[in-house]
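Here is the structure we will look at, set down as structure tokens.
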Amino acid sequence: MSTKLIGITEVDSLKDCLVELAEHHNTVSLNFKGDFPKQPIGTTLAEFKKEITEETADIYAVIDNETVAGFCKIHFTGKFGSLDYLIVKKKYRKLGYGKILMDRAMQEFKQRDIEHIEIRVVIGNNIQKFYENYGFKPKSIILAK
């Protein structure tokens with residue numbers, strides 16, 4: 001197992017993770033029911049490439065036997081940061097990969113002197129306790145239509 005910073009030419013290797021994330025959200029969330037993601041995965045990958053080019057985001061991946069087991073994407077602007085994605089494929093869960101990715105994201109936020117960090121969690125996704133262990137607390141609920 002290793003971790004790496006994903007470059008523009010490697011972004012497409014994240015597609016399987018995004019497909020699995022969509023399946024997960026559509027299964028666990030009462031409010032998606034087949035409606036996730038809102039845009040095609042190809043568009044999301046293109047946005048990742050744009051943000052890397054603009055140097056407003058970093059993506060770190062956990063590689064297991066030359067396969068992307070999971071990744072996190074962080075975004076930063078000034079003193080504001082967000083953890084936009086943290087995904088570990090089901091096959092690789094319970095191996096500590098989520099913690100490795102979260103620790104890497106938090107290290108990067110600290111190095112960039114980010115003062116405010118946000119994470120959005122899909123209602124029904126049982127991950128809130130994981131983030132609370134890093135000091136995050138629910139501050140609002142976003143209602144969408």
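The values are calculated or read from the model by the stated rules, or taken from the named source; none is laboratory data. Keep in mind that this is a model prediction, so the values were computed, not measured. Neighbour counts are summed over all protein chains in view; Cβ atoms, including those assigned to glycine, are modelled from backbone coordinates with ideal geometry.
Which condition number in (1) touching a residue at least 24 places away in the same chain (Cβ under 8 Å); (2) touching a helix residue (DSSP H, G or I) at 6+ places or on another chain (Cβ under 7 Å); (3) among the hydrophobic types (A, V, I, L, M, F, W, C) is the one that residue 19 fails?
(1)
Would you check which residues across the range 75-97 are closer than 22 Å to residue 23 by Cα and buried (at least 16 other Cβ atoms within 10 Å of the Cβ) and list them? Even if it seems obvious, please write down each step before you answer.
Filtering the range 75-97 down to residues closer than 22 Å to residue 23 by Cα leaves 83-97.
Matches in the range 75-97: 83, 84, 85, 86, 87, 88, 89, 92, 97.
Give the range 76-100 a look and list any residue that's under 10 Å from the mean Cα position of the chain (by Cα) and closer than 14 Å to residue 120 by Cβ, or say none.
Within the range 76-100, 82, 83, 84, 85, 86, 87 meet the criteria.
Looking at the structure I just gave you, is residue 79 basic (Lys, Arg) and under 20 Å from residue 25 (Cβ atoms)? I'd like the intermediate steps shown before the answer.
Values: basic (Lys, Arg): yes; under 20 Å from residue 25 (Cβ atoms): no.
Spelling it out, it is not the case that residue 79 is basic (Lys, Arg) and under 20 Å from residue 25 (Cβ atoms).
Quick check on residue 52: is it touching a helix residue (DSSP H, G or I) at 6+ places or on another chain (Cβ under 6 Å), over 27 Å from residue 126 (Cβ atoms), modelled with pLDDT of 95 or more and not hydroxyl-bearing (Ser, Thr, Tyr)?
Numbers: touching a helix residue (DSSP H, G or I) at 6+ places or on another chain (Cβ under 6 Å): yes; over 27 Å from residue 126 (Cβ atoms): yes; modelled with pLDDT of 95 or more: yes; not hydroxyl-bearing (Ser, Thr, Tyr): yes.
Yes, satisfied.
Among the residues of the range 2-16, is there at least one that is at pLDDT below 90 and among the small types (Gly, Ala, Ser)? Give the derivation first.
Filtering the range 2-16 down to residues at pLDDT below 90 leaves none.
Looking for residues that are at pLDDT below 90 and among the small types (Gly, Ala, Ser), one finds none in the range 2-16, hence no.
Does residue 52 satisfy being part of a strand (DSSP E or B), touching a residue at least 12 places away in the same chain (Cβ under 8 Å) and under 15 Å from the mean Cα position of the chain (by Cα)? Don't jump to the end; show me each part of the working.
Details: part of a strand (DSSP E or B): no; touching a residue at least 12 places away in the same chain (Cβ under 8 Å): yes; under 15 Å from the mean Cα position of the chain (by Cα): yes.
Spelling it out, it is not the case that residue 52 is part of a strand (DSSP E or B), touching a residue at least 12 places away in the same chain (Cβ under 8 Å) and under 15 Å from the mean Cα position of the chain (by Cα).
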